[in-house]
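This report refers to the structure that appears directly beneath it.
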Amino acid sequence: EDKVVQSPLSLVVHEGDTVTLNCSYEVTNFRSLLWYKQEKKAPTFLFMLTSSGIEKKSGRLSSILDKKELFSILNITATQTGDSAIYLCAVPEGSGNTGKLIFGQGTTLQVKP
Amino acid sequence: GAVVSQHPSWVICKSGTSVKIECRSLDFQATTMFWYRQFPKQSLMLMATSNEGSKATYEQGVEKDKFLINHASLTLSTLTVTSAHPEDSSFYICSARRLQETQYFGPGTRLLVL
């Protein structure tokens, strides 16, 4: 059964800290891994990763994939209170081409001033 | 690009009425759209997969006669909650699939059934 596990489930840091969020996965036919940020509304897309070892970067956020060890990390440097959110990791369902995403439980990040 | 809109963003209705939620992909064509429901402090729960021009595929436990989905064009899918009851109150989110596996989410619709 396809599975995505995120850790930690929650995290509290202070502004300026660097955080690393983890996502491990098991999927029968891996194609990609996606990261989303969810604040009070619906999730917003951050990154899609398909290849090992190639870092994707957007401002203070970066992410990398390790297909051998079946995990990805999302790094946020110099955190700000606006980074407080739930970060979701997801992989497309392995079987068929349904497009369905298997989500992890999410990591709730709280950044204190 | 890759903007998905939902309308309305908020709806309050009386028990027994039906509510229609629209999901539009504004700048791309989406052959597949997804409908999710999210209760407070819980993760997204996939309700159904909507494919343009064909019947929706519902997840186990989701009543297809209760949650009617129509995907009439490549940019529009609608979810109708029929005979809504207070337990249907939730945050309904759609997403549209574009380019391989990337799904882009709409802003969500908060439904409150009195």
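Laboratory data are not the source of any read-out in this text; all were calculated from the coordinates shown. Bear in mind that the values here come from a model prediction, so they are computed numbers and not experimental data. Cβ: placed from backbone, ideal geometry, glycine included. Neighbour counts: every protein chain shown.
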Packing rank of A:4-15, A:80-91, where each peptide gets the mean count of other beta carbons within 10 Å, highest leading: A:80-91, A:4-15
Pairwise label distance in nanometres, B:LYS14 with A:THR81, each label 7 Å out on the Cα-Cβ vector: 4.3
Cα-based shape type of chain B, given that a ≥ b ≥ c are square roots of the gyration tensor eigenvalues and the cut on a/c is 1.5: prolate
Diffusion coefficient, µm² s⁻¹, Stokes-Einstein with Kirkwood Rh over alpha-carbon pairs of the stretch A:1-59 at 4 °C and 1.567 mPa s: 94
Fully extended contour minus Cα-Cα distance, from A:VAL5 to A:GLU26, at 0.36 nm per residue: 6.7 nm
Leading residue at positive end of dipole, the stretch A:53-113 (Cβ point charges), from A:SER95, A:GLY106, A:THR77: A:THR77
Within 10 Å of each Cβ in A:43-56, the average number of Cβ atoms from other chains: 2
Spread of Cα-to-Cα distances over 5 Å intervals beginning at zero, given as percent, for chain A: 2, 13, 23, 25, 19, 10, 5, 2, 0, 0
For A:LEU65, distant residues with modelled amide H under 5 Å away: A:GLY53, A:ILE54
GNM top mover of B:THR49, B:THR17, B:THR75 - chain B, alpha-carbon springs below 10 Å: B:THR17
Alpha-carbon centroids, the stretch A:40-77 and the stretch B:69-105: separation in whole Å: 26
Highest to lowest packing among B:55-68, A:24-37, scored as the average C-beta count within 10 Å: A:24-37, B:55-68
Extent along principal axes [Cα atoms of the protein assembly as shown; Å; largest to smallest]: 49, 40, 33
Under 26 Å from B:LYS66, Cα to Cα: lysines that are on another chain or at least 8 residues apart: A:LYS41, A:LYS100, B:LYS14, B:LYS20, B:LYS41, B:LYS55
Segment A:THR108-A:LEU70, extension gain: residue separation times 0.36 nm, minus the distance between their alpha carbons: 11.5 nm
Using θ = phi - 60° and Karplus 6.51 cos²θ - 1.76 cosθ + 1.60, couplings along the stretch A:71-87 (whole Hz; Gly, Pro as x): 8, 9, 10, 10, 9, 10, 9, 6, 4, 10, 4, x, 7, 4, 4, 9, 9
